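Here is the structure we will look at, set down as structure tokens.
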Amino acid sequence: MPRNSRNDTRWLERHHGSWRVTVAVPRELHKSLGTRLKKALDTDSLSLANRLKFKVVADLKERIELEREAAQGSPRGIMREATKIAELSRRVTCDEERDELQAAIRERAAEIVGPEAREIVDPRTGEAFPLPDPGRASLAADFVAVANGRATPLATHHAEFIGQAGNTMRTRADDVRAIQYLTEWCRRERLPATLEAVTPAVALRFKRALGELAGGIEPATQKKYLNRLSVYWTYLAENEFVAANVWAGLKLKRKKVDPREEERAFTDDEVRRLMEGPAPPKLRDVMAIGALTGARLDAIVDLKVKHCIDGAFTFKPQKKERSERDVPIHPALVELVANRSAGKAPDDDLFPEWPKPRKAGSLRERSFKTSNAFTAYRRFVGVDHVLPGKRRSLVNFHSFRRWFITKAEQADVPEPLIAAIVGHKRTGITLGRYSQGPAMRQARRAVGKVKLPPLDGLPVREVRSLRPASR
């Protein structure tokens, strides 16, 4: 039986009349962290504490994991440990404390190097000398440099950068992955994984090696990661953490793509198959909105009731959009929106069947499961286009957006107006929020010109068994 959230006290305890989070520490880490980690939530409401606790629990568990990595000698944990020592050293006020800290740094560096990997013998004297493992010795040297404030780990300022950027979950995941690739490459090349070590020459070497990482990265994805690193370095330079953006000006040669291999719009027959097939209502409604607005999937599943009033959808910013975007509700969608809004409060989800990820701190977009379900359904009704040797299909949910644009163009809707409706970069047209504005009236007529293909009512034959989208 599900636990009642009102009475759920997992990871919670009362302290001086308020609730706080408490997480048990594994026995092997008691010496460094104590038996439990605790953080006050500053509320006496159990229901509010239950809403606040998950992020705090995730943060405390990450701290435990980092401490475990440090204890096990992993590079990530050791660099995090060195960063903490550097912060401590900045607060040292006397020579005696400074000497004690230096002794502790040297002792810890010796522990990181560990036992000698092998011995070498002087051919002239026959005397044996210990030879430490080169990788551990390099890690120990990085530890000393960071602990003494002479070097800064690559990700030291990354969390603040991501927090202030206000990007989508997908872009945040790209930011994290780009730093991970750079860190792993530095380790592989025996380079310090620090900001100071990434010179223009090192950045160029990484750019040339990026395509080989993770078993091969497509040029478009390489370009994306280089761009995210460049944005991060711009932030670092603006805050005087580095002297300049070493990624500026690094370009990848654009690979010529055969037009026959580009992702495409659905055909009318494919749209018919998708709309007439045995899709569950929660998926059919999402497809209908996608086809008749040109909106992206995540913007659709994230709609709330308050975003569907005054005859228009208000879609959240996506990609390079800077603000919310209003799109007239197509006449064929009016009943759908009314049914989904009935009896709900303004802040209720239009699609509660597609909830946000439950895992605290997840970087997955809300539409992750919707996308997987659509891919499985699309294959089920035989709508697919995979070329030999290619992994991705040339049709996906975004093909509804391409189909909408194609149909609007065929209906002689002016290109600037189409751009305003679908959120492409444009000049001169802003729809405004209310249905009586001239631009919105014009957009309403334009949207109404896009029609779903005639549905013949015949059942769509099953082409392949319904299965998860992953391959």
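Structure notes:
- Packing-based ranking of 298-305, 10-17, 38-45, 178-185 yields 298-305, 178-185, 38-45, 10-17, ordered from highest to lowest mean Cβ neighbour count within 10 Å.
- Pairwise centroid distance, computed over Cα atoms, of the range 127-163 with the range 259-310, Å: 49
- Nonlocal amide H pairs with Phe313, under 5 Å, H built at 1.01 Å: Val327, Ile329
- Folded to 0 to 90 degrees: helix 398-410 orientation relative to the chain principal axis, Cα: 40
- Counting only lysines at least 8 places from Lys39 when in the same chain, those with an alpha carbon closer than 22 Å to its own are Lys31, Lys53, Lys55, Lys61, Lys84, Lys359.
- Rounded if a/c under 1.5, otherwise prolate or oblate - the range 286-419, Cα gyration tensor axes: oblate
- Here r is the Cβ-Cβ distance between Arg36 and Glu160 and R0 is 35 Å; the resulting FRET efficiency, rounded to 0.05, is 0.80.
- Candidate cross-link partners of Lys449 among the lysines, defined by an alpha-carbon separation under 29 Å and a same-chain spacing of 8 or more, comprise Lys282, Lys304, Lys306, Lys316, Lys319, Lys320, Lys407, Lys425.
- Rolling a 1.4 Å probe over the heavy atoms of the protein chains gives the range 152-255 an accessible area of 54 Å² per residue.
- Between the labelled values (1) 79, 55, 50; (2) 82, 51, 46; (3) 92, 63, 48, the entry that holds Cα extents along the principal axes in Å as derived from this structure is (3).
The values are calculated or read from the model by the stated rules, or taken from the named source; none is laboratory data. It should be emphasised that the depicted structure is a prediction, and the values quoted were computed from it without experimental measurement. Reconstructed Cβ throughout: ideal geometry from the backbone, glycine too, with neighbour counts over all protein chains shown. Just the protein is used for accessible areas: all its heavy atoms, side chains included, with ligands, DNA and RNA removed. Shrake-Rupley method; radii C 1.70, N 1.55, O 1.52, S 1.80 Å.
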